[in-house]
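The structure under discussion appears below in the form of structure tokens.
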Amino acid sequence: MTTTTLFDLAFALAAPFWALLILAPGWRWTDRIAASPLPMVPVLAVYLALAVPVFPELWAAVSRPGLAGFQELLRLGGGAGAIWAQVIAWDLFLGQWMYREARELGIHPLVMGPLLVLTVLLSPLGVLLFLGIRAGVRRRHRLTITPHPGSPDAPPASVATAAGHRR
């Protein structure tokens, strides 16, 4: 396979999983697939196919990070393709994590769909926005959940009694 074909294949292999996360969030198979690391494996295989031929240049770029080294790596088709496949795999990992977190926290799919699309396109922005939403939802959950008397989060008995609560 050519470098161009492998480059194109990296996203094509991840796209069906993104489609499930975005378009079929309530489907039980989506939950199972999102909980598995397997969707990343084909993309990581593409990464290896692209990285192995340029491994000396790749190793030089990552073991002594510098802008010039990465620019040199990106001039190589396999180097740019390997970095692309790595980004695609990482983005999918982030998307799966965001999906699972959102389901656990009860964040509505109509909020998560556009956020996952943003993450596919510009993952740092999508992840930052998700982290903000996640923090707000967690804070709201903490404020609305009253701890059971006697639990470690419950106020001491003297405070609970003074506030009109009985044990």
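Observations on the structure shown:
- Between the Cα long axis of helix 41-51 and the first principal axis of the chain there is an angle of about 40°, rounded to the nearest 10.
- Here region 4-98 is treated with +1 on each Lys and Arg Cβ and -1 on each Asp and Glu Cβ, and its dipole about the Cα centre works out to around 140 debye.
- Entry note: region 1-132 has Rg to Rh equal to 1.03, where both radii use alpha-carbon atoms and Rh is the Kirkwood radius.
- Distance in nm between pseudo-label sites at residue 60 and residue 4 (7 Å out along the Cβ direction from Cα): 2.6 nm
- Axis angle, to the nearest 10 degrees, between helix 77-105 and the longest C-alpha principal axis of the chain: 20 degrees.
- Alpha-carbon Rg/Rh ratio, for region 86-126, with Rh computed the Kirkwood way: 0.97
- Think of it as helices only: each DSSP H run of n ≥ 4 in the chain is worth -39500 (n - 2.57), and spread over all residues that comes to -24500 deg cm²/dmol at 222 nm.
- Positive dipole terminus of the chain, leading residue within 15, 55, 94 (C-beta point charges): 94
- Only Cα pairs under 8 Å and 6+ residues apart enter the sum, and on that basis the relative contact order of region 17-88 stands at 32 percent.
- Dipole magnitude of the chain about its Cα centre (Cβ charges: Lys, Arg +1; Asp, Glu -1), debye to nearest 20: 860 debye
- Accessible area expressed per residue, the chain, with surrounding protein chains retained (probe 1.4 Å, Å²): 63 Å²
- Counting only alpha carbon atoms, the long axis of helix 123-144 and the longest principal axis of the chain meet at about 10°.
- Surface share of carbon and sulfur [accessible, 1.4 angstrom probe, percent] for the chain: 69 percent
- Farthest toward the positive end of the dipole of the chain, out of 144, 114, 84, is the Cα of 144, where the dipole comes from beta carbon charges about the Cα centre.
The values are calculated or read from the model by the stated rules, or taken from the named source; none is laboratory data. Worth saying up front: this structure is predicted, and the values here are computed from it rather than measured. Ideal geometry is used to build each Cβ from the backbone, glycine not excepted, and the neighbour counts take in all protein chains shown. Surface accessibility is based on the protein's heavy atoms, side chains included, excluding ligands, DNA and RNA. Shrake-Rupley method; radii C 1.70, N 1.55, O 1.52, S 1.80 Å.
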